[in-house]
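The values are calculated or read from the model by the stated rules, or taken from the named source; none is laboratory data. The shown structure was predicted, so the numbers you read here are calculated from the model rather than taken from an experiment. Every residue, glycine among them, receives a Cβ derived from its backbone with ideal geometry; neighbour counts consider all protein chains shown. These accessible areas exclude ligands, DNA and RNA; they are computed on the full protein's heavy atoms, side chains included. Shrake-Rupley method; radii C 1.70, N 1.55, O 1.52, S 1.80 Å.
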Number of protein chains: 2
Amino acid sequence: MIKIDSHNHILPHQIPNFKEKFGTGGFIQLHHLEDGHADMVRDDGKFFRKVEPNCFSPEKRLEEMDQFNVDVQVLSTVPVMFSEWAKPEQTQIVNRFLNEDIATTVQKYPKKFVGLATVPLNDPELGIKELHFAMKDLGHRGVQIGSHYGNLNLNDKSLFEFYAEAESLGAAILVHPWDMMGKDTMPDYWLPWLVGMPAETSRAICNMIFGGVFEKFPKLKVCFAHGGGSFPATIGRIQHGFNVRPDLCAKDNNVDPRKYLGKFYIDSITHDNTMLKYVTELLGIDKVMLGTDYPFPLGELEPGKLIENHPDFSEEEKARLLGGSCLEWLGMKEEDFQ
Amino acid sequence: MIKIDSHNHILPHQIPNFKEKFGTGGFIQLHHLEDGHADMVRDDGKFFRKVEPNCFSPEKRLEEMDQFNVDVQVLSTVPVMFSEWAKPEQTQIVNRFLNEDIATTVQKYPKKFVGLATVPLNDPELGIKELHFAMKDLGHRGVQIGSHYGNLNLNDKSLFEFYAEAESLGAAILVHPWDMMGKDTMPDYWLPWLVGMPAETSRAICNMIFGGVFEKFPKLKVCFAHGGGSFPATIGRIQHGFNVRPDLCAKDNNVDPRKYLGKFYIDSITHDNTMLKYVTELLGIDKVMLGTDYPFPLGELEPGKLIENHPDFSEEEKARLLGGSCLEWLGMKEEDFQ
């Protein structure tokens, strides 16, 4: 029974000074501290978050994977690194750096890590080029994208060529919430993470469904983070909206949104037995895969525990959730890691 | 078995020209059409939505209530009428007009309608005065409030005196999502309603829990719209966030958010048997009440059907869901409507 963590985040050990390089700022830097931690800090000095060595040291990650019997991690960057707000040429340079860094780690430990690229979708043409390079030249298996890019939602026609390329390449797409709606007016209690992120994921799923993305690209392999955010629990409202206001909801795709349940994947990060069971019933066991958000505290602190200790899944179902669904999403086999 | 609809919306038949009155615009007007419909239009000419006579005619509502055996409607305004973006003195005048209009309808049909006020919480002191007037002088049983007021969230200390007054008056509070996060960047598919609204309700619940509102005002009677939005399904993530980042989540109230399940009400507008069952198990049958969003299409088009046809509730549980919970929330008895 292979155990693959489909959703976790890694940073390079060192990040170039992009502000100096570009002459304009706003980029994240990594300040290493004497105690081994590092601070992620915007180049205007604004603190973002503290990270532990397991965020930037592959070897530290391997130790902790052993501890929880995680066989493989599918690596993706930390979404704040997308730098989607910058000029696309700048974004591409930052993304290329991240893609090369993850590729180096995967090449060093090819039985333990798989890489997802980051691409400048603030310019879809550049995004396509970077995806092609990352998969063909760097060996990535797919790409992590945000839930929107500024005013560009995932239904935007300018992204359809990107979807076509991703489908043709067999890319595994992880849609991660970023940047969070409402963040400027929810300053307290981490609500951009606790409320904004689940909403962002629902926004992404709705835009892809109603925009006809799954209809037009039926072989696209998309996984949505955090158990699909608030989408699975609000599908009743969403379907009802489609039924009563087709003038608004069906303008680009006249198919009942519920028909796409089972056409995309989600990860298991629900923090709740009832909701994990609910989403597997809604989407099918085959469409749910272990994700942890490692090494961040909002993730599953004991990777795989929710699935492994779940009272309602058979051993076969657990094997699918822990590894089988993710292998299918990646287009890989268990033997690739032996 | 009394059947009370806790969540529905009504408009006055005529709305004054507030732009003319105040010399500044942005307010909603009602343009009656020859076919009996009316258009809600901002005074800058921007169309908001078309409504049917059941939105502004109490007599038409009574007919439709009969049709679905609804005994009582708890009337509240349409949230776009809050006018919370205006100067508070203007908001107060608009809100007073709405409060008097609903009071007139309730006084005409006191066995069929109950009124909820609208108050200018963009200035909490004015809000307190209007709540007092609406309950003491106009006979309202409570108040409908938004999920935030601009940058003012429901945890804001400036609202605590309002909560104290509402608790002391025994006001039933309906928290309705308004205005929607992300609306400016989600132009398609009605997503401010399908994604933004459930997020707004979760934002409201989280701010009230983490802000210590339920802790400080244990007798406050709050009902959240649309089955609590995305909150019930993401309580796992929210509680986990509280556990791992108390520095962010517990700064104002150090109590596990799950302990407040059962301390507030939600309505039944989930459009889904599984989710309705889930929320009753999470909060308790006693804390869930019939709501419909009548007369709007995103609501329950056959008021009460979801509860009445639900396979998992006993007759006693259905009675509680259809009327008992709402009577308790309102502080009223079945005899009040006989």
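Summary of computed values
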{"quantity": "Per-residue ³J(HN,Hα) for the range A:194-206, Karplus 6.51 cos²θ - 1.76 cosθ + 1.60, θ = phi - 60°, Hz, x for Gly and Pro", "calculated": "8, 10, x, 5, x, 5, 4, 5, 5, 4, 5, 5, 4"}
{"quantity": "Other-copy label distances relative to A:GLY331, 7 angstrom Cα-Cβ extension, nm", "calculated": "6.5"}
{"quantity": "Copy-to-copy label separations for B:LEU248, where each label sits 7 Å from Cα toward Cβ, in nm and ascending", "calculated": "3.1"}
{"quantity": "Gained length - B:SER158 relative to B:HIS13, 0.36 nm times residue gap less alpha-carbon distance", "calculated": "48.8 nm"}
{"quantity": "Fraction of antiparallel bridges per DSSP, the range A:117-201 only, in percent to nearest 5", "calculated": "25"}
{"quantity": "Under the Karplus curve 6.51 cos²θ - 1.76 cosθ + 1.60, θ = phi - 60°, whole-Hz ³J(HN,Hα) for the range A:147-155, x wherever Gly or Pro sits", "calculated": "7, 6, 10, x, 7, 8, 8, 6, 8"}
{"quantity": "Lysine pairs meeting the criterion (Cα under 24 Å, 8 or more apart or interchain), as found in the range A:90-182", "calculated": "4"}
{"quantity": "Theoretical gain in end-to-end length, A:GLU34 to A:THR104 [0.36 nm per residue, Cα-Cα removed]", "calculated": "22.6 nm"}
{"quantity": "Over the range A:140-280, relative contact order from alpha-carbon pairs under 8 Å, at least 6 apart, %", "calculated": "24"}
{"quantity": "Sites matching trypsin sites (Lys or Arg not before Pro) across the range A:149-219 that sit in DSSP coil, with at most 15 neighbouring C-beta atoms within 10 Å", "calculated": "A:LYS219"}
{"quantity": "Where B meets A: accessible area buried, both sides, 1.4 Å probe, Å²", "calculated": "4400"}
{"quantity": "Largest-first principal axis extents, alpha carbons of the range A:68-179, Å", "calculated": "40, 28, 24"}
{"quantity": "Extension gain from B:ASP286 to B:VAL80, taking 0.36 nm per residue of separation minus the Cα-Cα distance", "calculated": "71.2 nm"}
{"quantity": "Pairwise centroid distance, computed over Cα atoms, of the range A:57-77 with the range B:1-48, Å", "calculated": "58"}
{"quantity": "Apportionment of accessible area to carbon and sulfur, chain B, percent (1.4 Å)", "calculated": "47"}
{"quantity": "Of A:TYR163, A:TYR294, A:TYR189, the one that fluctuates the most in a GNM where chain A has Cα springs shorter than 10 Å", "calculated": "A:TYR189"}
{"quantity": "Within a Gaussian network of chain A (alpha carbon springs, distance under 10 Å), most fluctuating of A:THR185, A:THR77, A:THR270", "calculated": "A:THR185"}
{"quantity": "Cβ-vector label at 7 Å, A:LYS216, separations to other copies in nm", "calculated": "5.1"}
{"quantity": "Chain B: antiparallel DSSP beta bridges as a percent of all, rounded to 5", "calculated": "30"}
{"quantity": "222 nm mean residue ellipticity, helices alone, for chain A (DSSP H n ≥ 4; -39,500 (n - 2.57); rounded to 500)", "calculated": "-10000 deg cm²/dmol"}
{"quantity": "Shielding by partners, peptide B:239-252 (average Cβ within 10 angstrom, other chains)", "calculated": "4"}
{"quantity": "Per residue solvent-accessible surface (Å²) - chain A, probe of 1.4 Å", "calculated": "37"}
{"quantity": "For the range B:97-171: relative contact order, % (alpha-carbon pairs under 8 angstrom, 6 or more apart)", "calculated": "30"}
{"quantity": "Tail beyond 24 Å, pair distance distribution of the range A:1-90 (Cα, percent)", "calculated": "29"}
{"quantity": "Sequence-separation-based contact order of chain B, relative, with Cα cut under 8 Å and 6+ spacing, percent", "calculated": "17"}
{"quantity": "FRET efficiency estimate (nearest 0.05) - Cβ-Cβ, A:ASP184 to A:GLU52, R0 22 angstrom", "calculated": "0.15"}
{"quantity": "Under 18 Å from the Cα of B:LYS19 - lysines, other chains or at least 8 residues apart", "calculated": "B:LYS46, B:LYS87"}
{"quantity": "Candidates B:VAL74, B:VAL143, B:VAL255: whichever shows maximal mean-square fluctuation once chain B is modelled as a Gaussian network with Cα springs under 10 Å", "calculated": "B:VAL255"}
{"quantity": "Nearby lysines by direct alpha-carbon distance to B:LYS259 (threshold 21 angstrom, same-chain neighbours under 8 apart not counted)", "calculated": "B:LYS216, B:LYS219, B:LYS221, B:LYS251, B:LYS277, B:LYS287"}
{"quantity": "Using a Förster distance of 41 Å, the FRET efficiency for B:PHE22-B:LYS219 (Cβ separation, nearest 0.05)", "calculated": "0.65"}
{"quantity": "The range B:210-273-the range A:235-300 distance, computed between alpha-carbon centres (Å)", "calculated": "22"}
